[in-house]
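Trainee: Supplied in structure tokens, the structure appears directly below.
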Amino acid sequence: VAGETASYNVAEMTAENGKYTVSVDLAAAQMTDEITISVVSGDLASSEMTYTIRQYAKQILDGEYKETTKALVKAMLNYGAKAQTYFGYNTGSLLNNQLTSAQKALVTAYSKSMMPDIAAPSAYKQGSFVANGGFEDKYPSVTFGGAFAINYYCVPSYMPASSVTMYYWREADYNAASVLTAENATGSMEMTGSGTYRGSVTGISAKDLGDGVYVAFVYSDGTTTYSSGVLPYSIGMYCTTMAGYENSFTPFAQATAVYGYYAKQYFG
């Protein structure tokens, strides 16, 4: 990677059918970086191989692939280019600068309808997680990268002796539950912090940007157990909100929503 050196032990690489695989994580703005790989085992080393996401994209866009595949790749290139522009990274070589007119036409412009609204759950579905006070503030933020994450923050009204527990449901588990319980949650974690507590739902893929993530914060002050209620959110909701503004982040938010929309069309 430009400006960095990374080495991987072959024994730690994933083996399947005699072949080893290693993944290199890149942030959205880094998709123009060249990745150079050499496999080393003892005194033996392979020749170096350099590859880029741009090379992969060109192979797809110039090849005999379905229009849905090409549309997804083009949306990804636009997403990467807008990330470069927003973060000021290698802007002299934008990821989508080699697209032809025909390739540019593969993807439609952003529209609000690309990301669905996420409805709040009924009091019945929230079950024992219905809000009963105990919090001064609670809010999410979003991390953009090779994978996406929603970071959650809360400020308890009564500082607990132990940390706050965050329960979360990804959309499939949420839809499968008639009433939300700790047992049917996708997962839970101890939120860390002092004053403001923080927890994250990570590993959200592009195809799931429009899917709901539902969280509930719970803690006890020794006498009463407090719940925040079940809070619905999605990265798509964030993008839709930010896409409605007129600032330097707007094009990136719109490109992210378009990328998520086409990823959902492709992967289902």
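The values are calculated or read from the model by the stated rules, or taken from the named source; none is laboratory data. As the structure is a prediction and not an experimental result, all values here were calculated from the model. Using ideal geometry, Cβ is built from the backbone for each residue, glycine included, and neighbour counts are taken over all protein chains shown. Surface accessibility is based on the protein's heavy atoms, side chains included, excluding ligands, DNA and RNA. Shrake-Rupley method; radii C 1.70, N 1.55, O 1.52, S 1.80 Å.
Trainee: Those residues that are of a type in the set (D, E, K, R) and open to solvent by 80 Å² or more (accessible area, probe 1.4 Å), I need them from the stretch 110-137; list them, please.
Mentor: Matches in the stretch 110-137: Lys112, Asp117, Glu136.
Trainee: Of all residues in the stretch 15-70, which are in a strand (DSSP E or B), more than 28 Å from the chain's Cα centre (by Cα) and hydroxyl-bearing (Ser, Thr, Tyr)?
Mentor: The answer is Ser41, and nothing else.
Trainee: Taking the stretch 85-100, which residues are in contact with a Lys or Arg (Cβ under 8 Å, 6 or more places away or on another chain) and open to solvent by less than 80 Å² (accessible area, probe 1.4 Å)?
Mentor: Residues satisfying the conditions are Leu95, Asn96, Leu99.
Trainee: Of the conditions (1) under 21 Å from Asp117 (Cα atoms); (2) open to solvent by less than 10 Å² (accessible area, probe 1.4 Å), Val258 satisfies every one except a single condition; which number is it?
Mentor: Tallying (1) under 21 Å from Asp117 (Cα atoms); (2) open to solvent by less than 10 Å² (accessible area, probe 1.4 Å), Val258 fails exactly one: (2).
Trainee: So which residues in the stretch 1-49 are surrounded by fewer than 10 Cβ atoms within 10 Å (Cβ to Cβ) and at pLDDT 80 or above, if there are any at all?
Mentor: Asp43, Leu44, Ser47, Glu48
Trainee: Would you call Thr91 closer than 26 Å to Ser234 by Cα, within 24 Å of the chain's Cα centre (by Cα) and modelled with pLDDT of 85 or more?
Mentor: Spelling it out, it is not the case that Thr91 is closer than 26 Å to Ser234 by Cα, within 24 Å of the chain's Cα centre (by Cα) and modelled with pLDDT of 85 or more.
Trainee: Would you check if Asp173 is surrounded by fewer than 20 Cβ atoms within 10 Å (Cβ to Cβ), more than 17 Å from the chain's Cα centre (by Cα) and closer than 26 Å to Met114 by Cα?
Mentor: Yes: the conditions hold for Asp173.
Trainee: Report the residue count in the stretch 206-224 for those that are exposed (fewer than 14 other Cβ atoms within 10 Å of the Cβ) and at pLDDT 95 or above.
Mentor: 0
Trainee: With respect to Lys82, determine if the residue is in contact with a helix residue (DSSP H, G or I) (Cβ under 9 Å, 6 or more places away or on another chain), assigned to a helix (DSSP H, G or I) and open to solvent by less than 40 Å² (accessible area, probe 1.4 Å).
Mentor: Taking the combined requirement at face value, the residue does not satisfy it.
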